[in-house]
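The values are calculated or read from the model by the stated rules, or taken from the named source; none is laboratory data. These numbers come from a predicted model, not from an experiment. Positions of Cβ are backbone-derived with ideal geometry, glycine not excepted, and every protein chain shown enters the neighbour counts. Ligands, DNA and RNA are stripped out before the accessible areas are found, and what is left, the full protein with its side chains, is counted by its heavy atoms. Shrake-Rupley method; radii C 1.70, N 1.55, O 1.52, S 1.80 Å.
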Amino acid sequence: ASRVAVVRAPFPSRLPSGDTALPGDPALVLLAGRGWPPNALGATWFEREIWPEVRTAAPGAIVHRFGEASSRAAEGILVHAPPRDSRDAFAPGAILVVPLQVASGVRMKILEAWARGLPVVATPAAAAGLEARAGRELLIAASAEDFARAVRRLAEDTNHAAELVRHGRELLELRHAPSAIAEQLERCYDAACGRAAMPAADW
């Protein structure tokens with residue numbers, strides 16, 4: 001009978017953040033390359049509906065949108081070209097916002113944010129499949145009001161932001177350690193080739 005083995009995406013638990021902080025109190029990072037339609041949809045929703053609420057809750061916030069240097073910037077939103085090194089987008093002290101309304105696969109940008117030391121505010125769709133718990137590894141926001149409350153909370157409570165990152169890194173170590181993922185893949189290949197039995201827990 002056909003079987004499906006689930007092997008999580010490998011990702012290191014620690015990577016360096018960018019060298020330079022971005023302006024804003026707080027600085028919000030929005031990775032929104034327009035080449036993937038859900039990114040464009042999420043960025044438009046954020047800029048039109050979420051951003052006004054966030055600005056009211058955190059007047060000093062500035063959004064740094066990476067992905068389309070030719071896009072027009074709105075008030076309080078700075079547009080950056082795609083970085084040569086993704087590290088440059090994950091600036092120290094910033095917050096990653098992931099306003100996806102439609103999503104599939106694994107949000108690698110969330111894994112990278114944890115590894116590079118950034119707290120995350122994401123929609124339920126963006127966080128789906130990561131086995132992350134709301135309030136522990138990241139903050140979940142389903143509406144503009146939710147995003148505004150979450151950003152204000154992280155701006156006012158840097159200890160909570162640091163706790164989210166710490167728990168996110170623990171999740172990376174537990175679920176995404178590259179060495180453990182490599183071992184799982186080897187077991188899958190051995191089982192597929194008939195060289196070994198796959199433990200039931202892995203299927």
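Quick one: would you say residue 123 is over 17 Å from the mean Cα position of the chain (by Cα) and of a type in the set (Ser, Thr, Tyr)? So residue 123 does not fit the description; no.
Could we say that residue 162 is surrounded by 15 or more Cβ atoms within 10 Å (Cβ to Cβ) and either out of contact with any His (no Cβ under 8 Å at 6 or more places or on another chain) or outside any loop (DSSP other than H, G, I, E, B) (or both) here? Reasoning before the result, please.
On the way: surrounded by 15 or more Cβ atoms within 10 Å (Cβ to Cβ): no; either out of contact with any His (no Cβ under 8 Å at 6 or more places or on another chain) or outside any loop (DSSP other than H, G, I, E, B) (or both): yes.
Here the answer is no, as residue 162 does not meet what is asked.
The numbered conditions (1) surrounded by fewer than 22 Cβ atoms within 10 Å (Cβ to Cβ); (2) in contact with a helix residue (DSSP H, G or I) (Cβ under 6 Å, 6 or more places away or on another chain); (3) under 20 Å from residue 15 (Cβ atoms); (4) hydrophobic (A, V, I, L, M, F, W, C) are all true for residue 114 except (1).
Within segment 60-68, does at least one residue satisfy the condition of being part of a loop (DSSP other than H, G, I, E, B) and either open to solvent by 70 Å² or more (accessible area, probe 1.4 Å) or aromatic (Phe, Trp, Tyr) (or both)? Scanning segment 60-68, I find no residue that is part of a loop (DSSP other than H, G, I, E, B) and either open to solvent by 70 Å² or more (accessible area, probe 1.4 Å) or aromatic (Phe, Trp, Tyr) (or both), so the answer is no. Of the numbered criteria (1) surrounded by fewer than 14 Cβ atoms within 10 Å (Cβ to Cβ); (2) over 18 Å from residue 36 (Cα atoms), the one residue 74 fails is (1).
Among the conditions (1) surrounded by fewer than 16 Cβ atoms within 10 Å (Cβ to Cβ); (2) closer than 18 Å to residue 123 by Cβ; (3) at pLDDT 90 or above, the only one that residue 43 does not satisfy is (1). Screening 132, 191, 180, 150 for residues that are touching a strand residue (DSSP E or B) at 6+ places or on another chain (Cβ under 9 Å), surrounded by 13 or more Cβ atoms within 10 Å (Cβ to Cβ) and closer than 30 Å to residue 2 by Cα leaves exactly one candidate, 132. Going by what's in this entry, would residue 186 be described as modelled with pLDDT of 95 or more and either at positive phi or out of contact with any helix residue (DSSP H, G or I) (no Cβ under 9 Å at 6 or more places or on another chain) (or both)? Spelling it out, it is not the case that residue 186 is modelled with pLDDT of 95 or more and either at positive phi or out of contact with any helix residue (DSSP H, G or I) (no Cβ under 9 Å at 6 or more places or on another chain) (or both).
Would you pick out the residues in segment 70-120 that are of a type in the set (Gly, Ala, Ser) and touching a strand residue (DSSP E or B) at 6+ places or on another chain (Cβ under 9 Å)?
First, the residues of segment 70-120 that are of a type in the set (Gly, Ala, Ser): 70-71, 73-74, 76, 81, 86, 89, 91, 93-94, 103-105, 113, 115, 117.
Selection gives 70, 71, 73, 74, 76, 81, 86, 89, 91, 93, 94, 113.
Checked against the criterion of being more than 28 Å from residue 175 (Cβ to Cβ) and either surrounded by 15 or more Cβ atoms within 10 Å (Cβ to Cβ) or in contact with an Asp or Glu (Cβ under 6 Å, 6 or more places away or on another chain) (or both), segment 80-97 has at least one qualifying residue.
Checking each residue in segment 20-36 for being free of Cβ contacts under 8 Å to residues at least 60 places away in the same chain and either open to solvent by 10 Å² or more (accessible area, probe 1.4 Å) or over 24 Å from residue 114 (Cβ atoms) (or both) picks out 23, 33, 34, 35, 36.
Residue 105 meets all of the listed conditions (1) outside any loop (DSSP other than H, G, I, E, B); (2) closer than 30 Å to residue 19 by Cβ; (3) small (Gly, Ala, Ser) but one, namely (1).
In the set (1) in a strand (DSSP E or B); (2) at pLDDT below 95, residue 139 fails one condition alone, (2).
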